[in-house]
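The values are calculated or read from the model by the stated rules, or taken from the named source; none is laboratory data. On a predicted model such as this, the values are computed, not experimentally measured, just so you know. Here the Cβ is made from the backbone with ideal geometry for all residues, glycine too, and neighbour counts use every protein chain on show.
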Amino acid sequence: MIEAPEPPHHHPAAGIPWFDLTMGLAILCISVASLLTSLQSERSMRALVEQNSRLVSAQSTPLLMLDSGNDENGKSILSMRISNVGTGPAQIAWFRATDAEGKDFSGDTIGQRVAKLDPNAKFGTQPIDSTLMRSGEERLVFSWPQPLGNPTALAEWDRVNHARFHLRASACYCSIFNECKITEFGSSHPKPVQSCSQN
């Protein structure tokens, strides 16, 4: 024999109208308070996540600087160096330096010019393009001791020495979070770009 399903149970009201109304309002107030608390907690969590993101970014932001000189420990050595003075590693996509006439001042190009003028020159350079530079690291764009015994090479050394003050230098690099920037090594801040491959 099939038994009929039990009808749903209804909790009887207290029988006191004002009490039933008060209980309903109290439950409604508690529900609204819980909803507002949840929304406030969500806002606080979002703010905390955003703050943590800024903190991590600040602790992982590279910053490239360019420096040049013509004296090392009292010796006439023309040099140019690029360094990462930021707080995180820099993936350097490219580095460019040209003088007012458009001549390239990258280490390899100057090295080729020097080799033609003075095959025995103690010219030094380190790779910069497509390299990772950790925080605090320094790379040699070029280093060239003054060639006193070669008048032709000495004239070029003097020209490079004067030109280094008027170079147009720039580089594109990315952080470990793939946030890319172009710097012109001047007083302006590096400019954010979507990627270094587009430039």
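Of the residues making up the range 81-121, those that are crowded, with 16+ Cβ neighbours inside 10 Å and polar (S, T, N, Q) number 5. Taking the residues in the range 92-102 that are out of contact with any helix residue (DSSP H, G or I) (no Cβ under 7 Å at 6 or more places or on another chain) and touching a residue at least 60 places away in the same chain (Cβ under 8 Å) as candidates, determine which candidate is farthest from P127 (Cα to Cα). Looking at residues that are out of contact with any helix residue (DSSP H, G or I) (no Cβ under 7 Å at 6 or more places or on another chain) and touching a residue at least 60 places away in the same chain (Cβ under 8 Å), I get T98. If you go through the range 149-164 and keep only what is closer than 13 Å to A100 by Cβ and either without any contact (Cβ under 8 Å) to a residue 12 or more places away in the chain or in contact with an Asp or Glu (Cβ under 8 Å, 6 or more places away or on another chain) (or both), you end up with R159, H162, A163. Does E156 satisfy being out of contact with any Phe, Trp or Tyr (no Cβ under 8 Å at 6 or more places or on another chain) and either modelled with pLDDT of 95 or more or not assigned by TED's automatic domain parsing to the domain that holds C180 (or both)? Spelling it out, it is not the case that E156 is out of contact with any Phe, Trp or Tyr (no Cβ under 8 Å at 6 or more places or on another chain) and either modelled with pLDDT of 95 or more or not assigned by TED's automatic domain parsing to the domain that holds C180 (or both). Considering L78, L63, the condition of being more than 23 Å from the chain's Cα centre (by Cα), at pLDDT 60 or above and surrounded by 10 or more Cβ atoms within 10 Å (Cβ to Cβ) is satisfied by L78 alone. Would you mind stating whether I182 is surrounded by 12 or more Cβ atoms within 10 Å (Cβ to Cβ), touching a residue at least 12 places away in the same chain (Cβ under 8 Å) and in a loop (DSSP other than H, G, I, E, B)? Criteria not met by I182. Being part of a helix (DSSP H, G or I) and not small (G, A, S) is the filter; apply it to the range 185-199 and report the residue that is modelled with the lowest pLDDT. That would be Q198. Can you confirm whether A47 is modelled with pLDDT under 90 and not hydroxyl-bearing (S, T, Y)? Yes, satisfied. Looking at (1) at positive phi; (2) free of Cβ contacts under 8 Å to residues at least 40 places away in the same chain; (3) under 31 Å from the mean Cα position of the chain (by Cα), which one does D108 not meet, given that it meets all the others? It fails just one condition, (1).
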